[in-house]
Every structure is written in structure tokens, then in C-alpha cells.
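Trainee: Take this structure first; my questions come after.
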Amino acid sequence: MEKSYVMVKPEFANYPQVIDYVKSQLQSVGMQIVKEGYIKYDALSARKHYAEHVGKDFYQGLEEYITSDKAYGMEVQGDDAIAKIRKLVGATKNPDPHTIRYEVPKMLNLPLRITQNVVHASDSVNSAERELEIFYTLLKK
Ligand code: ATP
Ligand code: MG
């Protein structure tokens, strides 16, 4: 049993059908949603969440986006959760058809964008632990 943190990013979190779609995709590969809710990242929590990217050329735009509006966070668990969910989510650039990052913009008639890419999913067990701590703190606010 592995844990992951999945977050529907701002703008997309305003659409209940997107949240439902992401949840049904997760459940379709046997994932269980343990905790969920709307949260809002501030600059400090964004910097903690995206620590590995602070200082990169796209970081400022990433922080602006992730703090621009509420997001929807989920603690997810299941067998091989990290790899299974990353596969569902799709690549950062040029995601394949049938992935969440490809299908959701199509559903909403929005262009495929790199920074505004629908959803985050943890890339390792350690990242999941760190990101979930930030999520719990934001949920209490
Ligand atoms: P996430 O961490 O959000 O699940 P990811 O693991 O696919 O996405 P990362 O390399 O961790 O991708 O980048 C974090 C986020 O930063 C991306 O989801 C995207 O929003 C943004 N990003 C990454 N690379 C670029 C880039 N070259 N130009 C613009 N934005 C980028
Ligand atoms: Mg990442």
C-alpha cells in the first residue's frame, strides 16, 4: 500500500465535473481517496510544495498559477499508487490521449498548456509524505 498526493490545480478545481472525472479515474485503477478538500496555496506553501523548482525560469509563473485560486487536494492510497497515478496523469509536456492532462482540457475546450496542466501527482514516496504534510496544514486553514 502506497500513498500519493493528488491536487486538481486552480481554475480546473472550479469545475465539479473535473474533480469527479479525476476521482473516477483514480478509482478505476483501484485507488482509494482517504482525505480530500478545497485548499488555497499561499506563496510559502507553494515554495514548500515546489521546493525542487524554486529558482528555475518557470518558477515565478508556476507560483502565480498555483496561488491564483483554490485547488482541490486528495490523499490517495493503493498498490503502486505513485506509478499508477503518474501514468493516469500523463506527461508534463505533450501528454498522450486518454491521460487526465490531455482529456480534461479537451473536455473544457481549453488549449493544452504546460504550467496550467490540470493536476499534480507525487513523483515519489518521499515527495508524497512532504506534500501531504503541506496539504493537512492548508486543510486546517
Ligand atoms: P507536478 O509536479 O505538478 O505533478 P510534473 O511532476 O509533471 O508536475 P514538474 O517537472 O514537477 O512536472 O514541474 C512542476 C510543474 O511546473 C508542472 O506541472 C508545470 O505546471 C510546471 N512546469 C514544469 N516545467 C515547466 C516548463 N518548462 N515551463 C513551464 N512550466 C513548467
Ligand atoms: Mg513534479
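The values are calculated or read from the model by the stated rules, or taken from the named source; none is laboratory data. Given the structure is predicted, the values throughout are model-derived calculations rather than measurements. Please note: Cβ atoms are built from the backbone with ideal geometry, for glycine as well, and neighbour counts cover all protein chains shown. Surface areas here come from the heavy atoms of the whole protein model, side chains and all, with no ligands, DNA or RNA. Shrake-Rupley method; radii C 1.70, N 1.55, O 1.52, S 1.80 Å.
Trainee: Taking 7 Å along the Cα-to-C-beta vector as the label spot, tell me the Glu64-Asp123 distance in nanometres, rounded to one decimal.
Mentor: So the two model labels end up 2.3 nm from each other.
Trainee: Enter the accessible area per residue of segment 28-141 (Å², integer; probe 1.4 Å; all protein chains in place).
Mentor: Numbers: 6230 Å² over 114 residues.
Solvent-accessible surface per residue comes out at 55 Å².
Trainee: Rolling a 1.4 angstrom probe over the protein chains, ignoring ligands and nucleic acids, what is the accessible area of Val29 in square angstrom, nearest 10?
Mentor: 50
Trainee: Determine the share of segment 17-141's accessible area contributed by carbon and sulfur atoms, expressed in whole percent, with a 1.4 angstrom probe. Can you show the working numbers first?
Mentor: Numbers: 3320 of 6730 Å².
Using a 1.4 Å probe with all protein chains present, segment 17-141 comes out at 49 percent carbon and sulfur.
Trainee: For the chain, rounded, prolate or oblate, judged on the Cα gyration tensor with a ≥ b ≥ c (square roots of eigenvalues), a/c < 1.5 rounded, else prolate if a/b > b/c?
Mentor: Rounded is the answer for the chain, as its axis ratio a/c remains below 1.5.
Trainee: Also, quick follow-up: Using the Cα centre as the reference, give the magnitude of the dipole from point charges on the C-beta atoms of segment 2-140 (Lys, Arg: +1; Asp, Glu: -1; all else neutral), rounded to the nearest 20 debye.
Mentor: Details: 18 positive and 19 negative charges, 30 e Å.
With only Lys, Arg, Asp and Glu charged at Cβ, the dipole is about 140 debye.
Trainee: Helix hunt in the chain: which complete DSSP H runs extend at least 20 Å axially by C-alpha with mean Kyte-Doolittle at least 0.0?
Mentor: Numbers: long enough: 125-139 (21 Å, 0.23).
Span-like helices in the chain: 125-139.
Trainee: Let me ask you something else. Lys and Arg at +1, Asp and Glu at -1: add these up for the other residues within a Cβ distance under 13 Å of Tyr72 and post the number. Show your work: numbers first, answer last.
Mentor: Values: positive: Lys9, Lys23, Lys35, Lys40, Lys70; negative: Glu11, Asp20, Glu36, Asp69, Glu75.
Combined, the nearby Lys, Arg, Asp and Glu give 0.
Trainee: Of the trypsin sites (Lys or Arg not before Pro) in segment 1-99, which ones lie in a loop per DSSP and count no more than 13 other C-beta atoms within 10 Å? The partial results should precede the final answer.
Mentor: Numbers: sites: Lys3, Lys23, Lys35, Lys40, Arg47, Lys48, Lys56, Lys70, Lys84, Arg86, Lys87, Lys93; in loops: Lys40, Lys56, Lys70, Lys93.
Qualifying residues, ordered by number: Lys56, Lys93.
Trainee: Next up: Take Thr115, project a point 7 Å from its Cα along the Cβ direction, then tell me which residues of segment 54-68 have their backbone nitrogen under 12 Å from it.
Mentor: Under cut-off, by backbone N: 57-68.
Trainee: Using a Gaussian network model on the chain with a 10 Å cutoff between Cα atoms, which of Leu26, Leu88, Leu110 fluctuates the most?
Mentor: Leu110
Trainee: From the helices alone, meaning DSSP H stretches of at least four residues, give me the mean residue ellipticity at 222 nm for the chain, per-run term -39500 (n - 2.57), in deg cm²/dmol to the nearest 500. Show your work: numbers first, answer last.
Mentor: Details: 6 runs with 61 residues, N = 141.
Computed mean residue ellipticity for the chain: -13000 deg cm²/dmol.
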